Structures are given as structure tokens and as C-alpha cells.
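Quick notes on the structure that follows.
The values are calculated or read from the model by the stated rules, or taken from the named source; none is laboratory data. Computed from a predicted structure; not experimentally measured. Don't worry about glycine lacking a Cβ; one is built from the backbone with ideal geometry, like all the others, and counts go over all protein chains shown.
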């Protein structure tokens, strides 16, 4: 009996300490940001934000799946103020957890990159691209289009991320189904492409793999190619000539979060023009607002208008995601 | 008479048992139910069904993941045992140089988070790896480390201490006279080893092999990197729970349950087997070193050092990498201290957190695990058996699953823990509890219960007897269990990544984020720091273990 | 058989011969080297110098498993991973004996130690005495040329110890097997042995039959080690014909056979049972000498009574008598004690 009560007492003390320690931190003005962006971007953006506003940032970073899962499980007692770095489809499917805010950068952001009722706003665009390691595969021998990737000579040479674990990989597959003619014909071609790929478990493995020369080719995101190239790796970013799509990532304020004012300050800050320039310089995230001259900025990324963009119905593909993922999974299994 | 004497004595184990059940019920079973119940419920959560199981198991992809997982587990367990038992024999019974250093280094693989180790191994043995390129340039047909052979090799070299340590302890604990008896009966040394020594240490070998098997079933970091597109249960479970796109609680629950059932059945089989084979030989005289010829001595020495050093390759790689220049994610062949400068600019708090959490969890695990170990050894009832299974269950639960369960269970309602540090320490304590339980019960088997009875008969209450007499006697076992907890918590990732919040980042989170992001340099520097700080308790443990005959595990 | 050992610290320059079928005991306090000697015979401790033979065959150059010697260990060393049957069959399997023969010999061996029907049991299901029997059966079943027993009874309780030593003795006689028995218990040694070697500090102090060792110890160490004895120090008186006289305090003790000079200091040993109390008015029988003493304490312990008395000058003396103590066992009472001078043994200062 003694041990039991001692244990219970200990537990109570610990719980109390937990609360106290937690609340002690709240004395300073702060904002809790759930983010699936990477560490480099966090360090850059948060340090600058805190320096300017005096608001401390507590980042919780994890894959966007984990982040959204956490917001869902915490819905009765939200621990976060901001969710950042999450794809449009995830933002759309979790709208009920956000509170609306009209950003100061609203007008500078094209309408297709904002939520009509201001529940979220886009920050940056990820173009789906092909990365090529020019040391393993000479520059002129690389593919030019998505269709080129169907060539059996690439079997086992293309790194790809499991669509079950990556929103952009899911978008890539579904975009290509439409692009290759849709329906069974589109799926048949996609199957041919999947047969050539190594389906890795995490998106970071794809750009690390191409950057380090493990795979000559990888299907990845635009910024990764520029980051690795800027670091001195022989990585070339290929914009497929047959077109691609721009995946938007955005920011939203968590409904009922503990620091709503700080949250609003962050939403305004992160889309400011000078901040976006700073972010391009270090991390090559293509901004959602279209009033920056990319050619004059590091990396000299091509303007969005110069890239062929394919139509893509993100909402429709998100609705059928569960069944589509099973289909992809089976297809991957069949082609191993 | 019997009733009069037994009843008061039973009060203490009953009270402690109830407390232990409450703890495990609240922080293990209840959270697990929250996660896994989805697997037996219809999508709307109202009715009971096995449909989810039928649906998952009808998919060849998931069946393949079960088969692959079992194959990897079985192969890795076999190779680990085959490598570790001869090594243990050499360390325990042969005269080879540098033995203490050898066994000290042999524990190191346990402190390296597997995802960092896998990263380092890719740089060495991947398709474009340094070693691969070198071997290929010499015409050696070495492919790469990907796939099942690579995963099995990595597991073997990182998990062999789990078999090595208890086997060395058991080999040293055999009473000399048993082997002498065999020889005096006309059995040659080799036959004596095969028919007497080996069967006696087999239970210890098996308990170590079991840990290896469970770790391979549960581990996420290694297959996530090395499996490429081979489906593996732990990775698929993770993706289904918290994949960016595929979050599917019922499907994930099915795989989670499969993982637990696999592990639990292995545990049960082992227990059944061991129940009839508990060879407590209270050793009076440890067997002497076996005299061998110089030739065999060279063979044994080279073998031992080759295994231990090979297992340390990822360590050396990480250490070297941490002093090399990274521009963004890209490695350049130049010396630099930049990684450490960058690390210490931002990672002091995570480092402090890691130390704090590991210490708290080791303390809490001992506080709960030692009484549980005592109950398991000193009492015998249906409840004891149940407690045994419950206290071993954490081995069978992947960190991710437990962590998600804890978030679901303690995010609202009477006890809110999310967002703080306590939930992390609780997760660690529960996950590592089997270490202290097993270490304490192992050492208790060697302590004569008559000592406790003597103390109680002298008028000292059972609780005071436990605290003042038994626990000091158990100290060696308790400390080794705590060290193992400390070290594995310090390198824990899978539950941390789900539970950490705000200022409570740990060093492994720093590594994970750096590796996932674009700063591998910071990751390897952090890993080097982690190795350095975990070395301290490991060395302390070894000083103690020398005295306590490696009774850990 | 001839065995001689080199100058090992534990065992120094020992040469001894053990007869065929003999029950030979190595007796001594712990650390005297008796176990080392036994382990040398078994082959677990190497000889520095010397050799060991069984019959004409030199065995010290053979590894332990080729010596064909049965050994029973102090802690039995029963293989915990084998059943009783497995334990007993172990040595036969090593000798590649056929299965049918193994079965009969194991059954016979178990019957021999009265463990018939226990073959399928596991060691942890047996009591200490039963384990002991398994160990003996296991050692005997291989038909060893020599049986070595290393303190085999020390882990048993007093009652079982007496029973088991009888059984061992009986078995040994029945099988007529040469046996070397190690013990630190003099009573056990006396009860079972044909000959005893009393060892101290790696040397054999005395090697003789139990009776001789008990009655005629050749050194003070042996006299004191072999059961209770009175040791009195005194000075040799004038040497005339007849028994020598040794002055012990104010009393005088007669010694039949004394090899010492006049005025030399000696130790005199008299067994308590060699002393006999004379009743009032009773005179000492012919050839017996007598002493005056005062009873200090009396103790009735069943078959015997023990008396502590003091001689003139306050020197204490122990007496054991079979008679009842009634009547004269009152502290303070003066008595006379008779003894046979031939049962008094004197040693010089150096113990010889």
C-alpha cells in the first residue's frame, strides 16, 4: 500500500512539475509552430523573425503527416499556434482545425494560392522535377521529359519516394496519370515508369541519393536540386519539357492556439517580399507571390511563367487518395 | 499457522504488484488500446470486426512485408548468434590480449541511433560509397549494402552485444567442477563444450537472441534507409500511422497488432522453453582460461578484434565525417570544425534535455522495474505470470505506436500530458522497463531468499528489508539495467519524434532534423557528441560489471 | 602404485602408494593440500615434478578425460541440463558404449545407489542426498580404476552424512574399488578408511591405519587434529627405570615411552577417554598411575559424560566417562583419576 501511495504521490508531483515547467516558458511572448519544413529553413526564418519582432519561436518539426496528426489529436487543447510547410491538399482537408486571418500580403498573392475564406495562405511552390547526378550520368544523356523516364534503360536507376509517405510523390503519380492520357492508358504508362524506379521510404533519401551519386536520377522537388548544386554537388535540375505542376505549401493559424497574436505576426512576416528573397537566397524555396525577379536572385531559377504547367485537379485526386494509394501500392508490388 | 505467516508477507508484493499494474495499465495498455482498437472496429468505430485484418492480409504487398520482416529477423538472429557466441567464448575462456578493451568496445554499437548509423554506412557501402567504389576499382564484385543481405549485416554488427554480453556472463558463471566432472567421465574438452557447457549457456544465448529478434522486428531506422523498395512491416506500419498521405488508423492498427503478436509469440515461446531450463549454477569457482596453442590464439584474437572493429566502422565513419566540411548537404573532402560550431550554436538545450531525460527515465525505470523484478522472482501466482507478460510487452511495441497511443490518451481529459517533458519520460520509462526488470530479476536469482527471511525475522518490515538489504545486494544488476536504459534512451528516436514539443528537443531530434533537412554535417557532429556522452555511463557500467560478472540482461 | 610430487606450494614432496581395492583417505584442515593432491590424480592440476602411476601405467601425462578415474565432487557437479539418466549415461556415451548396454548399466548403477526409478527426473527435483547418489552412480558406472571423492559429504546434514558414509564404505567394499577420499572430518576418516594420510601444509604428517593414527599420533599436530585430547606442558623429571615422569604444574604424569632428556620441556597428550575415575576407596588397577583432581564442571551428553577437572596447580583436564555421573559429579569435589601410562604420549617442543 505504501509503495502505491508513494507512486501516486510521485506521479502527482511530476504532473505538477510538468505544468509548472510548461507555464514558466509562457512568460515570454512566443509562437509555437508546427512545421514540416526542414531545419535549415527553420533556423533561417525563425532567427530573423525573433530578431525583428522579439517573439520567440518554438518549432515542432516533423513530416507533414505527423504534424497534422498531432493537430488532430490535440484538437480539444491545441498546443500549437501555426502550421507551416504543409501542402494545399492537407490544408484543405484539415480546414476545420484552422482559424481565418486576412494576411497583409493577401493582395500580393495570386488567388489560386489563397483559401477564399482566409483559413490558409500559400507561401511557396514546389515544382515537381527530375534531378540528375551529372557525375554518374553525363549531362547530355539525361531525360528531357517525363515520357523519357519510361525507357527501360532507366530500370532501377530512378529514385522515387513512396507516395504513401510523401504528398509530392502522390501528386507526381496522379499528375502523370492525367498527363499520360488519364484512365487505364495513363495508369499503364505510370506503371511502366514505376517499374523503373526504386521506391524509397523518405523523400530526403531521394535527393540525398542523387546528390551522393547513389542513383543517377531522382524524382524530387525543385528546391532540393538547387540546394545540392549550390553546395557543390553535380546535380542538375531538369524541368520536364512536357510540363509539370507547382505544388503549393502554405501556412495556417491553429484554431484555439495559445498565442493568436504572435501567430498573426508570423503569417504576415513569412510572406513579406524581403523575407521571401532571404529564403530564396539560402534555401531556394520558390515564392507563391509572383512579384520577385528570380533571375536576379541566387540560383537564377526560371520564372514560373517560363515553365510549362500542366492542369491538375488536386481536390479531386485528394478525395480518392485512399483508394489510389492502394492502387499505387499494388502496382509497385507488381513491378518489383 | 500458514495463513498467519503468509498473509502479512504477501502484503508487500501485492501492494507493489497493484502499483505496477496501475502504472503499466495507465501508460502502456490504455494508450495501446487507443491505437490498436481501430484495427478491430468498423471505419465509423461503432462495431467490432475482423474485416480490417482480412483486407490487409489479402494484399500481397502486406503479406510480403510480414514475410520479409520475419526473414530479416530470423536471419539476423541466426547470424548474430553465430558471430557472438564464439566471440563470447573467446572473451570468457581464452587467453587473448586486450580483453577488457574488447568487451568495452563491443557495447558501443548499442549507443548509436540506427538511422545515423545507416546514413554513415550508405556513404561507405552504398552504390556510390567510398568502400564500394574502392572495392570495385580493384575488381571486387561488391554490389551495395541495400536489400536484405545489407540489412541483416547491419543488424548483425549493431545488435551482437545483446547476445555477447549475457553469453560471456553465463560462460563465466558455470561452475568449474561441472566441466571437470564431464572430463573425468572420459569426455574430451570439445565434447564437454558441446554436451555440457553449451547447453548450460543456451538459455542466456537465447534470451540475448530474443532481444535481437525483437529489435529487428521493431527497428525502423535501418530498413527505412536500406530496404529501398522491399516492404518491411515496421516501415509500413509507420507510414500508415503517420505517413504524409496515407494515414489510415485501421490499417496501421492491423500492422501494429501483427507486430505485437509476432513479438509476443516469440517471447512466449522463449519463456516456455526457459521455464524447464533454468540452470542456476551458483558458481563457486569460475572455470580457468583454456590453454591454447599460439596458432589458435592468433586465430581467436584476430577473430575477436575483427568482429568488434568491424562493428565500429560506422562510429569511425561518423567521427571522421564530423570533422569534414559540408556545404549545405554536400560533403567536401576538406577538414573543418564548422559542424561543431554550428551544432553548439543551437544544440546546447537539446543536449541538456537528452541528459535530463535519460537520467530521469533510468531512475523511474529502476523505481518501477526493481520491485517488479523482485515480485517476479520471489512470488508465484497467476498474477505474477500476467505481470511478467505485461512488463515484457513494451519490448514488443514499436516506439511510434506507443507514442501515438500516449498522445491520444493524455491529450485531454483528467490527465493532460501532451506538450510537456513528462510524457516523453513516461514513454521512455515504459519502453525501457524490461531492461531493469530483467536485470533485477537476473541478479535476484543469485541472492538467497533466506537473507530476506532472516531480516524479517529480526523484526525489520518487508518493505524496509527490501530497501535496506535486498536493493543494496542487487545494486550491480540494478545499475547495469539503468545504464542500458540510460544509453538507449539517449539514442531513442521513434517515440521522441512523435512526442517532443517546444523546448524539449533532444539530440536525436537535432540529428533527425539535420539529416532530413539539408545539414548532414550537424547530424554527424551531434552523433559524435552523443557517442561521447554515452560512453561515460557505459565505461562506469563496465567497471561495475567486472565485479558483478556481467549479470545484465 | 607410486606417486611423487614436486615442490608445489600446495603439495610438497609427497610419495605414497595406495593398494589395490584400498579405501585411502587424505585428511587435513582446509588448505593443507589434500584437494590439490586429489586434483593432481584426477588431472585437473598439473604436476611440476614427479609422476603418477596406476599399476604400471603412467597417467600424469594423460589429459583428465583419458585417465579412467571416477570423481565425485564436493558440490556433486551434476549436469543441470541433463536428467538423472543423462548424467549417469554421460561417461558411457563418451566411451561409445552401445545403447542397450548403456541402458542396463545405467539402471544397475542407479539401483546400486538406491535411486531406481529416478532416471527421468531433473537434477533440480532432487534432494542433496539424492544428488550425491547420482554423482556416485555417475562416477562408478564407467568402472573407473580409481574412485576419487572430494569432501563428498560436506554439503549434507549430520544424519545423512553418517548414513551416506556407511553406504559409500559398503559400496566400495562390495565393488572392491581403489578409492581416494578427501575430508577434513576426522570422525568420517576414521570410520571409513583402511589407511589415512594426515596432511598439513602440503606434507603428509602421518600415514597409517585409523587406529594407529588415533592412538599413536606421531606429532602433536596429528594428536590435536584427531579428536579431543588433553595437551599438558611439563618438564621431564629424573630418568630412572619404569615410566618416565613429567612434572605438570604441581602434578606428575607418567609416560611409558619417552624419548627426551632430563629437564627437557615436553607436551603430554592424554585422551579424555583414557582417564578413568576411581570411586571412593577404589585403588588404581595394576600398571595404572593416578592423579588427584577437583571437579570443575560436569556435562551429561547422552552416551557419554564429560567432566572438566583441575589438577593440583590449577591445570585443566577433560575426562570422558561412560558411567553415569550420579553421586560424584559435584563441582568442588576431590577425586582421583587413574590412567595407563602407555596411553600417554609426549612430544618435544618441536612437535615430534
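Can you confirm whether the range C:202-217 contains a residue that is more than 14 Å from every other protein chain (Cβ to nearest Cβ), part of a helix (DSSP H, G or I), under 25 Å from residue C:14 (Cα atoms) and in contact (Cβ under 8 Å) with a residue 60 or more places away in the chain? Yes: one or more hits. Residues that are farther than 13 Å from residue C:72 by Cα and either part of a strand (DSSP E or B) or modelled with pLDDT under 85 (or both) within the range C:134-161 comprise C:156, C:157, C:158, C:159, C:160, C:161, listed in sequence order. Here are B:278, B:284, B:297, B:271: which of them is surrounded by fewer than 17 Cβ atoms within 10 Å (Cβ to Cβ) and modelled with pLDDT of 80 or more? Only one candidate passes the filter, namely B:297.
Residue B:74 meets all of the listed conditions (1) away from chain A (no Cβ under 12 Å); (2) touching a helix residue (DSSP H, G or I) at 6+ places or on another chain (Cβ under 6 Å); (3) modelled with pLDDT of 85 or more but one, namely (2).
Set side by side, the residues B:134, B:89 differ, and just one is under 13 Å from residue B:164 (Cβ atoms), surrounded by fewer than 24 Cβ atoms within 10 Å (Cβ to Cβ) and at pLDDT 85 or above, which is B:89. Of the residues making up the range A:59-85, those that are at pLDDT below 90 and assigned to a strand (DSSP E or B) are A:59, A:60, A:61.
Quick grid of which residues meet (1) in contact with a strand residue (DSSP E or B) (Cβ under 7 Å, 6 or more places away or on another chain); (2) over 23 Å from residue A:311 (Cα atoms):
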{"residue": "A:111", "(1), (2)": "no, no"}
{"residue": "A:119", "(1), (2)": "yes, yes"}
{"residue": "A:141", "(1), (2)": "no, yes"}
{"residue": "A:147", "(1), (2)": "no, no"}
{"residue": "A:152", "(1), (2)": "no, yes"}
{"residue": "A:160", "(1), (2)": "yes, no"}
{"residue": "A:166", "(1), (2)": "no, no"}
{"residue": "A:179", "(1), (2)": "no, no"}
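Of the residues making up the range A:65-109, those that are surrounded by fewer than 17 Cβ atoms within 10 Å (Cβ to Cβ) and closer than 22 Å to residue B:413 by Cβ number 5. Scanning the range B:254-268 for any residue that is outside any loop (DSSP other than H, G, I, E, B), in contact (Cβ under 8 Å) with a residue 24 or more places away in the chain, more than 23 Å from residue C:80 (Cα to Cα) and within 14 Å of another protein chain (Cβ to nearest Cβ) turns up at least one such residue.
Yes/no per residue for (1) closer than 30 Å to residue A:225 by Cβ; (2) within 23 Å of the chain's Cα centre (by Cα):
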{"position": "B:303", "(1), (2)": "no, no"}
{"position": "B:311", "(1), (2)": "no, yes"}
{"position": "B:316", "(1), (2)": "no, yes"}
{"position": "B:324", "(1), (2)": "yes, no"}
{"position": "B:332", "(1), (2)": "yes, no"}
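Within the range C:72-84, the set of residues being more than 9 Å from chain B (Cβ to nearest Cβ) and either under 19 Å from residue C:41 (Cα atoms) or surrounded by fewer than 20 Cβ atoms within 10 Å (Cβ to Cβ) (or both) comprises C:83 only. When residue A:291 is tested against (1) outside any loop (DSSP other than H, G, I, E, B); (2) away from every other protein chain (no Cβ under 14 Å); (3) over 15 Å from residue A:128 (Cβ atoms), exactly one condition is not met: (1). Among the residues making up the range B:319-348, those that are within 11 Å of chain A (Cβ to nearest Cβ) and assigned to a helix (DSSP H, G or I) are B:342, B:345, B:346. Among helices (runs of 4 or more DSSP H) entirely within the range B:160-252, having at least 1 residues that are modelled with pLDDT of 85 or more, facing another protein chain (nearest Cβ under 8 Å) and closer than 22 Å to residue C:77 by Cα singles out B:176-184, B:189-192, B:198-218.
Is it the case that the range A:27-50 has a residue that's more than 10 Å from chain B (Cβ to nearest Cβ) and modelled with pLDDT under 85? For the range A:27-50, residues more than 10 Å from chain B (Cβ to nearest Cβ) and modelled with pLDDT under 85: present. The set of residues in the range C:254-278 that are crowded, with 18+ Cβ neighbours inside 10 Å and in a strand (DSSP E or B) comprises C:254, C:255, C:266, C:267, C:268, C:269, C:270, C:275, C:276, C:277. Any residue that is closer than 27 Å to residue B:237 by Cα and either touching a residue at least 60 places away in the same chain (Cβ under 8 Å) or over 21 Å from the mean Cα position of the chain (by Cα) (or both) - is there at least one of those in the range A:132-150? No, the range A:132-150 contains no residue that is closer than 27 Å to residue B:237 by Cα and either touching a residue at least 60 places away in the same chain (Cβ under 8 Å) or over 21 Å from the mean Cα position of the chain (by Cα) (or both).
The residue that is surrounded by the fewest Cβ atoms within 10 Å (Cβ to Cβ), among those in the range A:296-336 that are touching a strand residue (DSSP E or B) at 6+ places or on another chain (Cβ under 8 Å) and either more than 27 Å from residue A:165 (Cβ to Cβ) or away from chain B (no Cβ under 14 Å) (or both), is A:308. The condition of being under 25 Å from residue B:194 (Cβ atoms), within 11 Å of another protein chain (Cβ to nearest Cβ) and touching a strand residue (DSSP E or B) at 6+ places or on another chain (Cβ under 9 Å) holds for only one of C:63, C:144, C:123, that being C:144. At least 3 residues being within 14 Å of chain A (Cβ to nearest Cβ) is the threshold, and among the helices (runs of 4 or more DSSP H) wholly inside the range B:371-465 those reaching it are B:399-409, B:422-444, B:462-465. For the range B:504-541, filtering for residues that are modelled with pLDDT under 80 and within 14 Å of another protein chain (Cβ to nearest Cβ) leaves 4.
Every residue in the range C:86-119 that is more than 30 Å from the chain's Cα centre (by Cα), within 23 Å of residue B:183 (Cα to Cα), in a loop (DSSP other than H, G, I, E, B) and away from chain B (no Cβ under 13 Å), please. Of everything in the range C:86-119, those that are more than 30 Å from the chain's Cα centre (by Cα), within 23 Å of residue B:183 (Cα to Cα), in a loop (DSSP other than H, G, I, E, B) and away from chain B (no Cβ under 13 Å) turn out to be C:98, C:119. The set of residues in the range C:290-316 that are over 17 Å from residue C:234 (Cα atoms) and under 29 Å from the mean Cα position of the chain (by Cα) comprises C:298, C:299, C:300, C:301, C:302, C:303, C:304, C:305, C:306, C:307, C:308, C:309. Looking across C:332, C:287, C:281, one residue alone is assigned to a loop (DSSP other than H, G, I, E, B), closer than 25 Å to residue C:236 by Cα and over 30 Å from the mean Cα position of the chain (by Cα). It is C:287.
Helices (runs of 4 or more DSSP H) fully within the range A:123-236 that include at least 3 residues being surrounded by fewer than 19 Cβ atoms within 10 Å (Cβ to Cβ) and more than 9 Å from every other protein chain (Cβ to nearest Cβ): A:183-196.
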